[in-house]
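Structure first, then comments.
The values are calculated or read from the model by the stated rules, or taken from the named source; none is laboratory data. As the structure is a prediction and not an experimental result, all values here were calculated from the model. Methodologically, a virtual Cβ is constructed for each residue, glycine included, from the backbone with ideal geometry; neighbour enumeration extends over all protein chains shown. The accessibility values were calculated without ligands, DNA or RNA, using every heavy atom of the protein model including side chains. Shrake-Rupley method; radii C 1.70, N 1.55, O 1.52, S 1.80 Å.
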Amino acid sequence: MWSRIVIAVLSAGLLVPVGGSAQGATGPEPDQIALPNGFQPEGIATGPGPVAFFGSRSTGAIYRADLRTGKGELISKGPGTPSLGLETRGDRLYVAGGKAGDARVVNTENGEVVKSYKLTTKAAFINDVALTKDAAWFSDSTNQQLYRVPLSGDGEVKTLPLTGDIVWGEGFNSNGIEALDGGKSLVLIQSNTGKLFKVDPETGVAKAIGLGGEVLTAGDGILLVGRTVYAVQNRLNTVSVIELNDGATEGKVVKKLTDPRFDVPTSVARSGSRLYLPNARFNTTPTPDTPYTAVAVTP
C-alpha cells in the first residue's frame with residue numbers, strides 16, 4: 001500500500017520515507033489544520049466520523065476540528081492542568097491528565113466533564129490512554145504502573161504494577177499505549193530506552209518486543225492498526241512503522257517516515273486513509289501568539 005512518488009511537491013503535504021522517495025496526501029480534505037495560537041498541543045484522537053480532538057498540555061483545553069474543512073472550535077477551556085493522550089468512543093473523550101495525576105471523561109459534543117478520576121496521589125505524569133472493550137488504561141511516565149478505569153458503572157480505579165523486562169530509569173518512562181487483540185494485551189513504548197513492550201493486563205508482566213536491534217529513540221505516542229505499529233519519535237520528526245509477528249513477540253521496522261512539515265510531533269491518530277499528527281514544537285519557546293498546526297499524511 002506504500003506507493004512511491006518520485007517527484008516531491010511540498011505544497012501537497014508529503015510523507016517522505018527516510019532514505020526513500022516522497023509520498024503525497026490525497027483527497028479534498030486539508031492536509032494541515034491550524035490550531036489556536038498558544039495552544040501547545042500534545043494528544044490527538046479521531047472519530048467517530050471525520051473529526052479530530054486535540055488537547056493542550058498547558059491549560060488542558062480541548063479543541064475539536066472538522067477534518068473535511070479544517071475548521072474547529074474550543075469545546076472545553078480545560079482545568080488549567082494538562083490534557084495529554086486522548087481516545088474517543090462514542091460521545092466520550094478519555095483524557096490523560098499529565099502532572100495532575102488524574103484522568104477525565106469529556107463529552108465530545110459540549111465539552112462537559114462527565115467524570116474525573118484521581119489515579120494516584122504520588123507525583124505522576126499520566127501520559128497516554130488506550131481503550132479496551134470495558135476499560136481505559138492509562139500510562140504513567142513517572143511511576144512503574146498502569147491504571148485501569150472501567151468504562152461503565154462506578155467501578156474503582158485499579159493500579160497495575162509493571163514487572164518483567166521493563167526497567168525504570170531517569171526521565172520519561174512509559175508513554176504511548178495501545179490495546180492489542182481487543183485488550184488481551186497492551187502495547188507500551190518506553191521513551192527513555194526506546195523499547196517496545198507487550199504487557200499482560202492481568203498480571204502487569206511486560207515482555208520486550210524484539211526489534212532486531214532498532215531503538216525507538218524519543219518514542220512518544222503510538223497507533224496500532226492490526227499488527228502495524230506507528231511509533232512517533234518526537235524530536236527526530238519521524239514515525240517508525242513496525243510490523244509485529246502474530247504473537248507480538250517480535251517486530252520489524254519496515255519504514256521510517258518523515259515530512260518537512262513535522263515540528264516535533266508527539267502523537268498520531270488515523271481517519272480514513274490518513275494519519276494526523278499535532279506539532280508540539282518543543283524546540284520553540286511557547287508564547288500566547290505561537291502558532292501550532294496538525295498535519296495530515298497518507299501512508
Checked the stretch 45-64 for anything part of a strand (DSSP E or B) and open to solvent by less than 10 Å² (accessible area, probe 1.4 Å); matches are Ala45, Ala52, Phe53, Phe54, Gly55, Ser56, Ile62
Would you mention how many residues in the stretch 180-236 are out of contact with any Pro (no Cβ under 9 Å at 6 or more places or on another chain), in contact (Cβ under 8 Å) with a residue 40 or more places away in the chain, polar (S, T, N, Q) and over 16 Å from Asn127 (Cβ atoms)?
1
So which of Val18, Val129 ends up being open to solvent by less than 10 Å² (accessible area, probe 1.4 Å) and either over 18 Å from Ala294 (Cβ atoms) or at pLDDT below 95 (or both)?
Val129
Name the single residue, out of those in the stretch 178-208 being open to solvent by less than 10 Å² (accessible area, probe 1.4 Å) and assigned to a loop (DSSP other than H, G, I, E, B), that is farthest from Ala45 (Cα to Cα).
Gly204
Which count do you get for residues in the stretch 104-126 that are among the polar types (S, T, N, Q), closer than 20 Å to Gly155 by Cα and exposed (fewer than 14 other Cβ atoms within 10 Å of the Cβ)?
1
List the number of the failed condition for Gly80; all other conditions in (1) at negative phi; (2) free of Cβ contacts under 8 Å to residues at least 24 places away in the same chain; (3) not acidic (Asp, Glu) hold.
(1)
Hey, can you tell me all the residues within the stretch 149-177 that are touching a residue at least 60 places away in the same chain (Cβ under 8 Å) and assigned to a loop (DSSP other than H, G, I, E, B)?
Leu151
